[in-house]
Amino acid sequence: MDAPLALLAELTHRCPLRCPYCSNPVELTRAAQELTTGEWARVFDEAAALGCLQVHLSGGEPLARRDIAEIIAAARAAGLYTNLITAGVTLDAAKLAELQAAGLDHVQLSVQDAGAAGAERIGGLPGAHARKRDAARAVTGAGLPLTINAVVHRQNLHNLPALIDLALDWGARRLEVAHVQYYGWALANRAALLPPRDMLDAATRVVEEARLRLKGRLVIDYVVPDYHAVRPKACMGGWGRRFLAVSPAGRILPCHAAETIPGIVFPSVRETSLRDAWEGSDAFNRFRGTAWMPAPCRGCEHAERDWGGCRCQAAALTGHAAATDPACALSPDHHLLGAALAEAGAPDFTYRQFG
Ligand code: SF4
Ligand code: FES
């Protein structure tokens, strides 16, 4: 069994933004249930002992934690490379200096669109876009590497060239263009977000051209959507192979969306060590490797390349987490994607909120 490369630490579900594609579960965890500073410090020590090299500090908005500097210091003390994934609307130069002194190595800043009006409609927070730009300036001014995260969908994909210009203008070295993945809030908003094929193809051409043009200046990562695919992605690099997440309340998960799968009890850091969860829990072993696979994955030549696709997507679309991911053209459920595409085009969002 390999060691996990990275830990996703979801510090909180609290967030000033209300993005309709948020990857948090529809049932959000409240502040009173969140892990304490000391519990996170223990999680970081256990992750490092397990072989993790880096921690992604995420949420919700990790800056909503008043102890964020202490959390970063604890991750640094454990020997982890620290990456802050933030919406940036509360990140100013003074806060950044405090986090940098605590050991912050890298910042990933989300943008919702290339212009303020579109971005603030999607994120649901007036005034957010200018504050993000100021946060980007603070990050580059402090000499920290900056990645811009742009989640794209049918309501902003036409602005992809402008998003690439924004990343350059704001001083990013890397741009992650990630098509929405449809679990949780995004699944509830699928009809408003799914792009048609011609829009996807045009965006892919924009990325290919920009990669050539900007070689040496900006690295562009591109995460494509599953709904136009014939083969699924190797989600998380395979269940329980490379990746480990801990939820705000301390659940140990093989992927950030795993709690959307019904019928699995995920261990808690309050009762189980990361090592015991990684090596011995049913939650991690259930979809590890290939022995669990049904037909048509069983015996398929791609089984050790894509690991049967995404368990959360299989559960969301078919009701069975052990089913072949419908993104695969060999899946008997592949038609579900075509049906969803045929229904796409709704204009309005259901915004993320605490229930
Ligand atoms: Fe991958 Fe399963 Fe499809 Fe084969 S049948 S390509 S293993 S998802
Ligand atoms: Fe959970 Fe793919 S998002 S396995």
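The values are calculated or read from the model by the stated rules, or taken from the named source; none is laboratory data. Keep in mind the model is a prediction, meaning the values are calculated, not measured. Counting neighbours? That spans all protein chains shown, and the Cβs are built from the backbone with ideal geometry, glycine included. Side chains included, ligands, DNA and RNA excluded: accessible areas come from the protein's heavy atoms. Shrake-Rupley method; radii C 1.70, N 1.55, O 1.52, S 1.80 Å.
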*May I ask you to list the residues of the range 148-188 whose amide nitrogen lies under 15 Å from a point 7 Å from Cα along the Cα→beta-carbon direction of GLU209?*
158-165
_So if each residue of separation counts as 0.36 nm, and I subtract the Cα-Cα distance between ALA142 and VAL224, what length gain in nm does that give?_
26.3 nm
*So what is the accessible area of the chain per residue, in Å², with the probe set to 1.4 Å?*
41 Å²
*Using amide H atoms built 1.01 Å from N in the peptide plane, name the residues 5+ places from TYR81, or on other chains, whose amide H lies under 5 Å from its own.*
GLN54, VAL55
*Provide the per-residue ³J(HN,Hα) series for the range 152-165, in order, calculated from phi with Karplus coefficients 6.51, -1.76, 1.60 and θ = phi - 60°, each as a whole number of Hz, with x at glycine and proline positions.*
10, 6, 5, 9, 9, 5, 5, 9, 4, x, 5, 5, 5, 4
_Potential lengthening between TYR81 and GLU301 on full extension [0.36 nm per residue; Cα-Cα distance subtracted]_ = 75.6 nm
*Enter the accessible area of ASP45 (Å², nearest 10), with the probe set to 1.4 Å and all protein chains included.*
90 Å²
*Relative contact order of the chain: what whole-number percent is it, with Cα pairs under 8 angstrom and at least 6 residues apart?*
20 percent
_I need the phi-derived Karplus couplings for the range 311-327: 6.51 cos²θ - 1.76 cosθ + 1.60, θ = phi - 60°, integer Hz, Gly and Pro marked x._
5, 5, 5, 4, 5, 5, 8, 10, x, 10, 5, 8, 6, 4, 4, x, 5
*Using 0.36 nm per residue of separation minus the Cα-Cα distance, give me the extension gain between HIS158 and HIS335 in nm, one decimal.*
61.0 nm
*Using a 1.4 Å probe and ignoring any ligands, DNA or RNA, find the accessible area of ARG352 and quote it in Å² to the nearest 10.*
10 Å²
*Cross-link partners of LYS132 among lysines (Cα-Cα below 17 Å; sequence separation of 8 or more within a chain)*: LYS95
*Can you bin the chain into rounded, prolate or oblate? Criterion: square roots of the alpha carbon gyration tensor eigenvalues sorted a ≥ b ≥ c, rounded for a/c under 1.5, prolate for a/b above b/c, oblate for the rest.*
oblate
*asked:* Given a Förster distance of 35 Å, report the FRET efficiency between ALA117 and THR36 from their Cβ-Cβ distance, rounded to the nearest 0.05.
replied: 0.30
*Take the alpha-carbon centre of the range 302-355, take the same for the range 144-208, and report the distance between them in whole Å.*
19 Å
_For ALA245, distant residues with modelled amide H under 5 Å away_ = LEU8, LEU253, CYS255
*Charged-residue dipole, Cβ positions (Lys, Arg, Asp, Glu), the range 253-300 about Cα centre, Debye nearest 20*: 180 debye
*Rounded percent of accessible protein surface that carbon and sulfur make up, the chain, 1.4 Å probe*: 53 percent
*In whole Hz, what ³J(HN,Hα) sequence does the range 87-94 give by Karplus (6.51, -1.76, 1.60; θ = phi - 60°), x for Gly and Pro?*
7, x, 6, 10, 9, 10, 4, 5
*Using modelled backbone amide H atoms (1.01 Å from N, in-plane), which distant-in-sequence or interchain residues come within less than 5 Å of ALA346's amide H?*
ALA192
*asked:* Which residues among the range 4-47 fall inside the zone where the amide N is under 16 Å from a point 7 Å beyond the Cα of ARG174, along Cα→Cβ?
replied: 5-9
*Please find, in a Gaussian network model of the chain (springs between Cα atoms separated by less than 10 Å), the residue of LYS95, LYS233, LYS132 whose mean-square fluctuation is greatest.*
LYS95
